[in-house]
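A quick write-up on the structure given underneath.
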Amino acid sequence: MILDDLIEEISPGLYQIGDFATPVFLVDAPSPVLVDAGYSFTSELYAGAVHRILGKRKLSWCLITHTHFDHVGAVGYFKNLFPEMKIGASGLACQIMSKQKSLDHIAGLNLFAESIFFSETHLSSSPFQPFQIDTILSEGDVLNIGNSLNISVIETPGHTRDSLCFYLNEQKTIFTGDCGGIVHDSGYIFYDFLSGCAAYIHSLNKICNSGAEILCPGHYNSFKDAKCEQYLVDLVPGCMKFIDFVSGILSAHNNDINICMNIIKSLEYDVLPQPKQPEPAYLLNLEARLRSVLSFVSTDLSRFLT
Ligand SMILES: [Fe+2]
């Protein structure tokens, strides 16, 4: 986990903050916006970076792409720091964050992440702080953040059911969280369709048709200009190719999930260098992805083809 050189200006007024494996984004507009908030244990560090950019100005918004622990870990910390800041997320995210079981789960996973990375960071421990969603965001909502800057909301379920993308109109920038492919630093792309392949592909198409010239995913590197264009061209075919590959392995092993998990893990996870997702989280997600493929092949694919 690399935590020095915390701030990168992607384009004028658009910053990537934090470790490149789990960054957050700051739009320095008249009404400044933070997209996602990272782990709870990096909250102090990331807040310091926000202060360095904004000076005495305060965050107006924290927009949440989805409620996975590594995206919402520090939202409560930022809310305490900036009480006027509005937290925006999907209606489903609002429901999730109102359940004690979800809050306990998010808190536990943040503690787990802290136990893995803490010794490398020399940060003070910062437990997850629960928070409430202030504004429910839906497809087509537009937030004016000052001057001619607007952020449009795009519903993109498939990674999770509560996933949103945010499109910064003037800079043609899309924040995709985990629903537009997760490109490991090695170049390997994780198609992380935890809540369904069909919805995921539909969402990929929305991302590809958004007009984005800058793509800011929730993990690893952002893409600009020609690299962004090429990434978007390859996105759906790449995902379909992966689904086809996985369904071939499943059918060759009588849809035995455990055997297929071992095979795919050895091909896509074991060979990757660090930093990468902790193995227990990867395995949990891999099982969900395989079940999504099984469902897609047996039901949704036939609908796609007619
Ligand atoms: Fe996620």
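What do you reckon, is residue 197 touching an Asp or Glu at 6+ places or on another chain (Cβ under 8 Å), hydrophobic (A, V, I, L, M, F, W, C) and crowded, with 19+ Cβ neighbours inside 10 Å? For residue 197, the condition - touching an Asp or Glu at 6+ places or on another chain (Cβ under 8 Å), hydrophobic (A, V, I, L, M, F, W, C) and crowded, with 19+ Cβ neighbours inside 10 Å - is met.
For the range 2-12, the condition of being in a strand (DSSP E or B), open to solvent by less than 10 Å² (accessible area, probe 1.4 Å) and over 26 Å from residue 108 (Cβ atoms) holds for none of the residues. In the range 169-192, of all residues being hydroxyl-bearing (Ser, Thr, Tyr), at pLDDT 95 or above and over 11 Å from residue 217 (Cβ atoms), the one that is farthest from the ligand (Cβ to nearest atom) corresponds to 173.
The residue of the range 220-276 that is farthest from residue 209 (Cα to Cα), among those that are touching a Phe, Trp or Tyr at 6+ places or on another chain (Cβ under 9 Å) and of a type in the set (S, T, N, Q), is 247. Out of the range 33-89, which residues are open to solvent by 10 Å² or more (accessible area, probe 1.4 Å), among the polar types (S, T, N, Q) and either in a helix (DSSP H, G or I) or within 16 Å of the ligand (Cβ to nearest atom) (or both)? Once the filter is applied, which keeps residues that are open to solvent by 10 Å² or more (accessible area, probe 1.4 Å), among the polar types (S, T, N, Q) and either in a helix (DSSP H, G or I) or within 16 Å of the ligand (Cβ to nearest atom) (or both), the range 33-89 yields 67, 80. Exactly one residue out of 259, 243 is of a type outside the set (Lys, Arg), over 14 Å from residue 198 (Cα atoms) and either part of a helix (DSSP H, G or I) or modelled with pLDDT of 95 or more (or both): that is 259. Applying the set (1) closer than 21 Å to residue 154 by Cα; (2) assigned to a helix (DSSP H, G or I) to residue 113 leaves exactly one unmet item: (1). Residue-level analysis places residue 195 outside the set of residues that are closer than 19 Å to residue 276 by Cβ, in a loop (DSSP other than H, G, I, E, B) and either among the hydroxyl-bearing types (Ser, Thr, Tyr) or within 12 Å of the ligand (Cβ to nearest atom) (or both).
Screening the candidates 115, 148 for the property of being among the small types (Gly, Ala, Ser), closer than 20 Å to residue 37 by Cβ and surrounded by fewer than 24 Cβ atoms within 10 Å (Cβ to Cβ) yields one hit, 115.
Applying the selection to the range 60-102, what residues are charged (D, E, K, R) and within 19 Å of the chain's Cα centre (by Cα)? Full working, then the answer.
Residues of the range 60-102 charged (D, E, K, R): 70, 79, 84, 86, 99, 101.
The answer is 70, and nothing else.
Based on this model, can you work out whether residue 247 counts as surrounded by 15 or more Cβ atoms within 10 Å (Cβ to Cβ), within 18 Å of residue 292 (Cβ to Cβ) and of a type in the set (S, T, N, Q)?
Numbers: surrounded by 15 or more Cβ atoms within 10 Å (Cβ to Cβ): yes; within 18 Å of residue 292 (Cβ to Cβ): yes; of a type in the set (S, T, N, Q): yes.
In short, yes.
The values are calculated or read from the model by the stated rules, or taken from the named source; none is laboratory data. This is a predicted model, so every value here is computed, not measured. Using ideal geometry, Cβ is built from the backbone for each residue, glycine included, and neighbour counts are taken over all protein chains shown. Protein only, heavy atoms only, side chains kept; ligands, DNA and RNA dropped before computing areas. Shrake-Rupley method; radii C 1.70, N 1.55, O 1.52, S 1.80 Å.
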